[in-house]
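Participant: This is the structure I have questions about; it appears just below.
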Amino acid sequence: MSADIIDGKAYAAGLRERVAGLVPAFRAATGRAPGLAVVLVGEDPASQVYVRSKHKATVEAGMESFEHRLPATASQDELLATVERLNADDRVDGILVQLPLPPHIDEKRVIATIDPDKDVDGFHVVNAGRLAVGEEGYVPCTPLGCLMLLKDRLGDLSGLEAVVIGRSNIVGKPMAALLLAENCTVTLAHSRTRDLAGVVRRADIVVAAVGRPEMVRGDWIRPGATVIDVGINRVPGAEPGKTRLVGDVATAEAAAVAGAITPVPGGVGPMTIAVLLRNTLVAAHRRAGVPLATDAI
Ligand code: NDP
């Protein structure tokens, strides 16, 4: 048996097209495009790449992109003042502060300063709380993208056994909350979980968000299970000096047993930016009081 490969790249491209397709109606209703502001502090090369691709994707979707670059030496007060200006700016529907921030800046304080109704990353405690109690809010992009891929593949998730490995605030915990809201029976595993392989073997759905290259082995997977691999790990490549990307799941082994699996790269990765655009479109409609059928996207 060989698993179906879940093509996150294709799904993300379709989502971005659907989002772009809904922008003209918003523009017609409000006289402006949805706006996303991205704040980058310092010169971290990976963060610069992310910010550039977010800007490009925003513009391609017909939305307005506001970029704010602060030097690595910027003070916490300068950053907070930037966030407050964006909170007050009516053209800005979504605010994203690119993490990680330099060590002299208190990340929690910065996230807490973002207006929860513009927090399209879903990192504000108000949005974490809304998700926990089942109220409308903003959900972190990566787990929401994973849920979209799961529903696209499986349809109704009710009653399925789901095991999420990893309990970070940006992936594992919101992923577990989303699956619970879909009526899965959810286990949230972490570094202290006993007999992780045995726990994972029960799962109809496995979501691995650990940050350990190929930790989840083929013999952990229940035959026919759906496996979502969030991990992005750079490991030495075949040629000296070269590297390659692998997930948290040993893909080839797991694919021999699973029903479906996301590849790395090309699985969950491309979903994150697509969902960011989707969250920004939703934020724009909610802020402007313009109805949007979220099930259309
Ligand atoms: P964190 O480092 O914040 O969390 C890792 C989690 O894995 C922790 O809860 C930790 O447990 C758990 N863990 C660590 N070792 C083990 C182990 N041996 N057995 C079981 N659980 C373990 O990572 P993130 O959630 O931020 O990211 C996870 C992965 O997803 C990374 O590879 C990251 O690069 C990737 N990622 C990909 C994104 C995308 O766009 N595709 C977006 C975000 C992340 P404990 O809490 O007990 O320490």
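The values are calculated or read from the model by the stated rules, or taken from the named source; none is laboratory data. Predicted model only: the values in this text are computed from it and were never measured. As a convention, Cβ positions derive from the backbone with ideal geometry for all residues, glycine included, and neighbour counts pool all protein chains shown. Please note that ligands, DNA and RNA were not included when accessible areas were found on the heavy atoms of the full protein model with its side chains. Shrake-Rupley method; radii C 1.70, N 1.55, O 1.52, S 1.80 Å.
Participant: Taking the stretch 143-170, which residues are within 11 Å of the ligand (Cβ to nearest atom) and buried (at least 24 other Cβ atoms within 10 Å of the Cβ)?
Facilitator: Residues satisfying the conditions are 143, 145, 146, 163, 164, 165.
Participant: Check every one of the helices (runs of 4 or more DSSP H) wholly within the stretch 1-97 and list those with 1 or more residues that are touching a strand residue (DSSP E or B) at 6+ places or on another chain (Cβ under 9 Å) and either loosely packed, with under 14 Cβ neighbours inside 10 Å or among the β-branched types (Val, Ile, Thr) (or both). Talk me through it step by step, then tell me what you get.
Facilitator: Numbers: elements: 8-30, 45-60, 76-88.
It comes to 45-60, 76-88.
Participant: I'm checking my understanding of the structure. Among residues of the stretch 100-112 that are in contact (Cβ under 8 Å) with a residue 24 or more places away in the chain and part of a loop (DSSP other than H, G, I, E, B), which one is most open to solvent (accessible area, probe 1.4 Å)?
Facilitator: 104
Participant: All but one of (1) more than 11 Å from the ligand (Cβ to nearest atom); (2) open to solvent by 40 Å² or more (accessible area, probe 1.4 Å); (3) on the phi < 0 side of the Ramachandran plot; (4) part of a loop (DSSP other than H, G, I, E, B) hold for residue 263; state the number of the condition that does not hold.
Facilitator: (2) is the only condition that residue 263 fails.
This table checks each residue for (1) more than 11 Å from the ligand (Cβ to nearest atom); (2) without any contact (Cβ under 8 Å) to a residue 12 or more places away in the chain.
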position: 209; (1), (2): no, no
position: 219; (1), (2): yes, no
position: 226; (1), (2): yes, no
position: 232; (1), (2): no, no
position: 235; (1), (2): yes, no
position: 240; (1), (2): yes, yes
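Participant: Further question: Would you mention how many residues in the stretch 189-205 are more than 11 Å from the ligand (Cβ to nearest atom) and within 20 Å of residue 159 (Cβ to Cβ)?
Facilitator: Selection size over the stretch 189-205: 5.
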